[in-house]
1. Taking the stated definitions as given, is ARG67 at pLDDT 90 or above, more than 15 Å from the chain's Cα centre (by Cα) and of a type outside the set (S, T, N, Q)?
2. Take the residues of the stretch 117-155 that are within 28 Å of ARG102 (Cα to Cα) and modelled with pLDDT of 80 or more: which is surrounded by the most Cβ atoms within 10 Å (Cβ to Cβ)?
3. Evaluate the following for GLY53: is it in contact with a Gly (Cβ under 8 Å, 6 or more places away or on another chain) and at pLDDT below 90?
4. Are there any pairs, at least 6 apart or on different chains, whose C-beta atoms fall under 8 Å, with the first in the stretch 156-167 and basic (Lys, Arg) and the second surrounded by fewer than 13 Cβ atoms within 10 Å (Cβ to Cβ), and if so, which?
5. Mind counting the residues in the stretch 40-87 that are touching a residue at least 24 places away in the same chain (Cβ under 8 Å) and either assigned to a helix (DSSP H, G or I) or of a type in the set (Asp, Glu) (or both)?
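The values are calculated or read from the model by the stated rules, or taken from the named source; none is laboratory data. Since the structure is predicted, the reported quantities are computational estimates derived from the model, not experimental observations. With ideal geometry, Cβ positions are generated from the backbone for all residues, glycine too; neighbour counts draw on all protein chains shown.
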Amino acid sequence: MGECRMPDATEIALITSAVPAALTFLLQRAEHLISSRGADPEEQVTVPDNLTGTLQLPLQPDQDRLRDSRRDIEVLLDALVDHAVPHVPPTPGMLRNMGRLRHVLEDVYGQHLTFDGEDRPASGPFVHQKATTLNGKATGMNADEITGNSRVVQDIGTVGSDAEMTGMKSRRIGS
């Protein structure tokens, strides 16, 4: 098992100061997803100042992952909605549930949601493809333009002689 490192006082202050905006942002995404328009792309998203990296907008939920995660989103939303009160210090349980909600939202949107003071990949789109054998074609990201932070991880055990694997494909990558 990996070494568990306790955050220092500065990291705790950074994380704690980010909690209200982060919680509001996560709750807004969750409320949108469980609403009647949850499957629609979210065009108008107010991104908090403490979100690091660049989200790919509009936020487009993966329909299958949304369907599979809907109940988890509802349960976590119910568990967290009462904590969205300004000036209430975060509890360990609340922080755990925020982390769980973020994980579900990241899976549904295919994007990291990272806030100031966190030691994790910056916000932005990601793809993780995993296969035992690849005999055809696999592309991690294919877009007209890829800007900001994006990440592709491809774990393929055996690649066939005629197989084709592409991490990112775009007419333009970068800002």
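1. On the way: at pLDDT 90 or above: yes; more than 15 Å from the chain's Cα centre (by Cα): yes; of a type outside the set (S, T, N, Q): yes.
Yes, satisfied.
2. To start, the set of residues in the stretch 117-155 that are within 28 Å of ARG102 (Cα to Cα) comprises 117-131, 138-155.
Subsequent filtering for residues that are modelled with pLDDT of 80 or more retains 118-123.
Numbers: GLU118: 19, ASP119: 8, ARG120: 11, PRO121: 14, ALA122: 17, SER123: 22.
Looking at residues that are within 28 Å of ARG102 (Cα to Cα) and modelled with pLDDT of 80 or more, I get SER123.
3. Values: in contact with a Gly (Cβ under 8 Å, 6 or more places away or on another chain): yes; at pLDDT below 90: yes.
It is true that GLY53 is in contact with a Gly (Cβ under 8 Å, 6 or more places away or on another chain) and at pLDDT below 90.
4. none
5. So in the stretch 40-87, the residues touching a residue at least 24 places away in the same chain (Cβ under 8 Å) come out as 48-56, 59-63, 65-66, 69-70, 72-74, 76-77, 80-81, 83-84, 86.
The next check asks that each one be either assigned to a helix (DSSP H, G or I) or of a type in the set (Asp, Glu) (or both); those that pass are 49, 62-63, 65-66, 69-70, 72-74, 76-77, 80-81, 83.
Of the residues in the stretch 40-87, 15 are touching a residue at least 24 places away in the same chain (Cβ under 8 Å) and either assigned to a helix (DSSP H, G or I) or of a type in the set (Asp, Glu) (or both).
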